[in-house]
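We did not get these values from a lab; they are worked out from the coordinates using the rules stated. Predicted, not measured: the structure shown is a model, and the values here were computed from it.
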Amino acid sequence: ASVDRLGALVDDVLDLTREDDSVARGTVDLELAAGAAAEAVAPAAQAKRIELAVEVQGSAGIIQGDARRIRQTVEHLLRHAVAGTPDKGRVLLHIDGSTGGARIVVSDNGPGMAKKLADKAFERFAQPGISRDGDRALGLGLPLAKQFVEAHGGTIELISEPGQGTMVIVELPRA
């Protein structure tokens, strides 16, 4: 397990340093991608007794993009939420869409993030490790999610307030 985790970390660092942001284009079923990401994160959530709820609306549908990168994006967002949520908390993955695009929302009922930390959430290597004041640590997951979303022509936004939890909203175009 340690070797797999180290290998994944090396892959993440390599992904962040790549100059080429192109992604493979194919049909991506968002329900399948979200399900695979949630399954990958479920053991970490269970270890903290966190309720991991998945809501996929029928409107989520299909987008054009790289299925592996979309799954990784959702997984990074879920791992960030689980890491920042205390034991017995709740993390929600919600996916829906419209004719123009799809939306992925990951929210948690954790302690939230101070504005200063939230503003740096998508910066590469912004704040590895645990901060002194107990705020959630930032690592590679959110910068990678941003890179993958933007490579698909989408947008990503983090909304957080101390004591109110955190929500990340991803908007992806259909074509």
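Pull up all non-local amide H partners of Gly97: gap of 5 or more, or a different chain, and H-to-H distance under 5 Å with H placed in the peptide plane.
Ser59, Ala60, Arg103
By how many nm would the segment from Lys48 to Lys88 lengthen if fully extended, with 0.36 nm per residue of separation less the alpha-carbon distance?
Going from the current span to full extension adds 13.8 nm.
Just list whichever of Lys116/Lys146; Lys88/Lys146; Lys115/Lys146 have alpha carbons separated by over 24 Å in the model shown.
Flagged as over cut-off: Lys88/Lys146.
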